[in-house]
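The values are calculated or read from the model by the stated rules, or taken from the named source; none is laboratory data. On a predicted model such as this, the values are computed, not experimentally measured, just so you know. Every residue, glycine among them, receives a Cβ derived from its backbone with ideal geometry; neighbour counts consider all protein chains shown.
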Amino acid sequence: MLYSKDIGWKSVGSEEKKEIFQFCEGYKKFLDLAKTEREFVEEAVKLAEEKGFKNADTLDAFGVGDKIYYVNRNKNIVLAVIGKEDITNGANFIVSHIDSPRLDLKQRPLYEDSEYALMKTHYYGGIKKYHWAAIPLSMHGVVVLKSGQTVKIKIGEDENDPVFTIPDLLPHLDRNVQRERKAGEVLKGEELNILVGSIPSSIKDEKVKELFKYAVLEKLNEIYGIDEEDFISAELELVPAYKAKDIGIDRGIIGGYGHDDRVCSYTSLIALLELVDTPEKTVVCYLADKEEIGSTGSTGLESRYLEYFMSDIIYKIKGDGYNDYLLRKCLWNSKALSSDVNVGFDPIFKSVHDPQNAAKLGYGIVLTKYTGSGGKYTSNDADAEYVAELRKVFDENGIKWQTGMLGKVDEGGGGTVAKYLAHFGILTIDAGPALLSMHSPFELVSKFDVYETYKAYKIFYRA
Ligand code: MN
Ligand code: MN
């Protein structure tokens, strides 16, 4: 009659613990390798091709068992395996995002002040700005030249690379300028400037007035062949330069940048790549961009890319028998996990949670019926029927799962991509592990939950 859950670690034997830890080593490596959406797409293509997935654009027709992928503007990737059942019966989607909160360089970033060269940034996604001062930052991204040539940039990840940083004010002198500010303004948006140089150029040219700025341009030109104007057509992102690490003497937790949402995107990707037998339903692993700024743009979930690639899949299966009704029917009959992280019960700031409904680290994947804030505003509220179906599937397959909520009612709130899937009639529920320090530059996730999420996704693809 009564409902209760226990922490997952209690039921883990030594063999399974080894498996969990091993899987998490792979995840940690991937976190260090793919810190941006573009890097994630590149790595995913490599892994997918190794497993026999083909670029969908190179094929005219698909048959049962075909493994394909679509790359959308280098920032969004979709992988699919064509199932045995008629596609209009619906597909099983796992949808997560591969962008994370960060600092982007402005279009005209470089300036000189007080004999330093600095660059201006614009934060991307919800951050606590003060988190980003006085930590090592690496720069990742692309500069596209007028010629159309793309120059890739990655500075700060190699052991011998320099890094960048936002200098903060010392506590001895912050009394008037900083100490009375509200938390959201301890550092203001326009104060998020990174230090990029401190040695003046030796050039003797009367036209060059700013020698510190010029020295940075000289170096960039020497290494990358770019000049100041090229920043206009660039996407350069600052992310924490450090690697993912085990947390605690027992190594039960992983600390790292961007668990939100690479913990879901990595696990759903690996679960798909490891599908050995052809599934009944067509399965789709959708790795989206731009979730952190509202799923906007052509690489975010609000775009019509979902219809675009699904119509391509159906057309290449059905040939001339394709019509728009088949696409609508397929989507309306589909099921999805909106795979995103939730918040774990916080031992230090307990008051923001309803303890009875909060997710906990180590209790497995979190099924979240609805997110949103206030009166369930703008949330996808998963149907009770669908929640029951998943409870059954996960229980029957021995998956540890729990429920969760993004804090107390009226405490705050947030959203995921769920509503953009439900829009097409896709049955959707949020499902991913719980984090501590979410949206900080060093997020925390339980190793047990990483592995359980991976196992749950494997089961879902086959459900
Ligand atoms: Mn997320
Ligand atoms: Mn997020």
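Some points to look at:
- For the stretch 410-463, residues that are within 16 Å of ligand 1 (Cβ to nearest atom), among the small types (Gly, Ala, Ser) and surrounded by fewer than 23 Cβ atoms within 10 Å (Cβ to Cβ) total 6.
- When the stretch 308-342 is limited to residues that are touching a strand residue (DSSP E or B) at 6+ places or on another chain (Cβ under 6 Å) and either among the polar types (S, T, N, Q) or part of a strand (DSSP E or B) (or both), the one that is nearest to residue 267 (Cα to Cα) turns out to be 339.
- The listed residue being within 16 Å of ligand 2 (Cβ to nearest atom) and not β-branched (Val, Ile, Thr), out of 63, 125, 141, 83: 125
- Residue match in the stretch 82-92 (condition: of a type in the set (Asp, Glu), out of contact with any Cys (no Cβ under 9 Å at 6 or more places or on another chain), surrounded by 18 or more Cβ atoms within 10 Å (Cβ to Cβ) and in contact (Cβ under 8 Å) with a residue 12 or more places away in the chain): no
- Of residues in the stretch 277-292 being of a type outside the set (Val, Ile, Thr) and part of a loop (DSSP other than H, G, I, E, B), the one surrounded by the fewest Cβ atoms within 10 Å (Cβ to Cβ): 277
- In the stretch 323-382, residue nearest to ligand 2 (Cβ to nearest atom) [restricted to those that are modelled with pLDDT of 95 or more and of a type in the set (Lys, Arg)]: 360
- Per the listing 265, 311, 295, the residue uniquely hydroxyl-bearing (Ser, Thr, Tyr), away from ligand 2 (no atom under 14 Å from the Cβ), touching a helix residue (DSSP H, G or I) at 6+ places or on another chain (Cβ under 9 Å) and modelled with pLDDT of 95 or more is 311.
- Hits in the stretch 123-164 - residues which are part of a loop (DSSP other than H, G, I, E, B) and of a type in the set (Lys, Arg): 128, 146
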